[in-house]
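Scroll down for the structure; my scribbles are underneath it.
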Amino acid sequence: MLRIFHTSPYTKWSSVLIFVVLLSRLIGNESWKNPNAVISGDVKGYYSYLPALFIHGDLQFSNHEDYVYKNDTKIWFNVTKDDRKYIKFPPGMAIMYSPFFAAAHLSTSFVNAPPNGYSYPYQIALLIGTLFYTILGLYFLSKVLLIHFDDRVTASAVLIIYLATNLFYYSTYDFALTHSYSFALIAMYLFGTVKWLETHRLKYVLLLGVAGGLMIAVRNLDVLFLSFILLYRVQTLANFKARLMLLLKKRKHVLLGFSCILLMLLPQLLYNWYISGSLWMDAYSDEKFFFTDPHLFDSLFSYRNGWLIYSPVMLLSLIGLFFLRKRVPSIFLFVVFMIPIYYYVLASWWCWWFVGMGNRGYINLYPILAFALGAFLTYLFEQNRFKRFLVNLFILAAIILNWFQSYQLSVGVLHWDGMNKDLYWHVFGREERSESQDLLVQSPVMEDSKKGIESVYVSKIDTLSSSYFSFEKITGIAYSSYRKSTRSHSVRYAKFVPENVEYSDPTTFDVPKGTTHISIKTWVKGDAESFIAIQTESPRPFFHYSDEIIETDGDWRRIEILATPFQDVNYKNMEFVLWNKGLHPTHFDDIHVSCLRVSQKKVKL
């Protein structure tokens, strides 16, 4: 059985590792168990062609209720000036989903699931589709890299690109989005082109034609990758002329390839005609590029999804560009032509941060950057052990960071588009959301961004009241006998909650009208789990607790709660208690209670 690993064993074993990681993460996330987790966000737009056409026969979405599942509307459409509903997203993803959609639809009767396009068989089908296309993409990338690099370099490059970049996130968490699909198509197109130029065999014309057409149908910008067939192995003007002559000589193959491309684009053209009466339609209307004002630095280094902030390992591929001409001259001209143009276009898009995990727009460049990464790794393997050790340490750290931040985004610790320097370092290393992190979010003002204006919403915080409890006075403290002067954090006395007493006596505080948030911070000392809890029974029951540590001072730790009472209820007062969950002797001191009014204000950057 293991004979298949005799050729390129490193690459093949790396593929096994990636398959195991990918499958385990897809299954472990259990996204399909949440009816609103898989077909959500942009996926609603990509996917909606399928149920609209094949289940309801209604691309105009006449009956809105047909597309509601588990209280969530599963379609995303725009409206033309003459009031026709349309899907702004290209249909390429629907084409790629379609085999798995068909299998799910046929299976519904066997598993007793509603054949509505949204029940769990359809969600599992999208999961399987992502698994298939991701592995397919990595397979073809490995194949094309092995033509230019040795086995060890190829295996290392593929592992790094999958494990240490945001491709991992978009194949395991938000897996139904375009990125792993586009990655596969681009890798297939590159491989098909290389093999056709080597062999001139018809099967490679079909491969590059279908893959090339689909990659454009998924993301129209990827038409730029078609230039690979013009520039691969072209290093001089004479080479370029020879390439044009070859294409002219093989014009039947060229015609067949373009026919395949047009066939893949035909659904888009027919849909445009159906909606607008024209083969071309500006589906994105108010969304555009600002080529005179690109965010060249922000696109790479902004805390708001800057590519290299969240996938720092790709710095190695950028360094590898300097080794590319010597190591892989056949692809050098294409890379130096393609990367600056694609980068400039990405940075010029109105939503240059691309909402999500680390500027996902760059994932489509990974099959090309893999060559630069391979060039760097070839150089690295020629260096001494110490240099290799340092780079390997960086790669390992990048993998750990990538996996951890992928998890952080999946549970809401990282924000999909409101990250900034303060918020990034506030949540760095956290496994759970903090009490106060939402106050640091700076979400872009989308309406302004579409006009080329950079502005964000920030939290404006007004303190309506503030109270301080130091336990220096007995007044208002029921357990006065539990004051201690030997274990205080400051001054003389601290609050003592004795063994086997779970809650301290409640302390009441006023809640001014207009309060949106209540902040309580206290110092605590003891071995037990200790919480602050805010509670009230009237006029509507409210309870919130926290044990989040925000500061330490010797044996004392400061914990914080930030509660948001119901905004439609006029609370006049509430009370807090100290929850000694572990039932061990615990001390509390220096309690600060603040009632806040938090609002959003727009700030121009």
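Averaging the sequence gap over all C-alpha pairs within less than 8 Å and six or more residues apart, then dividing by the number of residues, gives region 460-604 a relative contact order of 40 percent. For region 87-198, the relative contact order works out to 28 percent when only alpha carbon pairs closer than 8 Å and six or more residues apart are counted.
Among F228, F323, the order by Cβ neighbours within 10 angstrom, fewest to most, reads F323, F228. Each residue in C260, C351, C595 was given a count of other beta-carbon atoms within 10 angstrom of its own, and listing them fewest first yields C351, C260, C595.
Placing a label point 7 Å from the Cα of R597 along the Cα-to-Cβ direction, the residues of region 505-544 whose backbone N falls under 11 Å of that point are 512-516. Here the simple spin-label model places points 7 Å from the Cα toward Cβ, and for K604 and F258 these points are separated by 4.8 nm. Counted residue by residue at 0.36 nm each, then reduced by the alpha carbon distance between them, the extension gain from D293 to T199 reaches 29.4 nm.
Start at zero, step by 10 Å, and the Cα-Cα distances of the chain spread as 3, 14, 21, 22, 17, 12, 7, 3, 1, 0 percent across the bins.
When each of Y232, Y342, Y366, Y284 is scored by the number of other beta-carbon atoms lying within 10 Å, the sequence from fewest to most is Y284, Y232, Y342, Y366.
We did not get these values from a lab; they are worked out from the coordinates using the rules stated. These numbers were taken from a predicted model, which means no experiment stands behind them. Cβ: placed from backbone, ideal geometry, glycine included. Neighbour counts: every protein chain shown.
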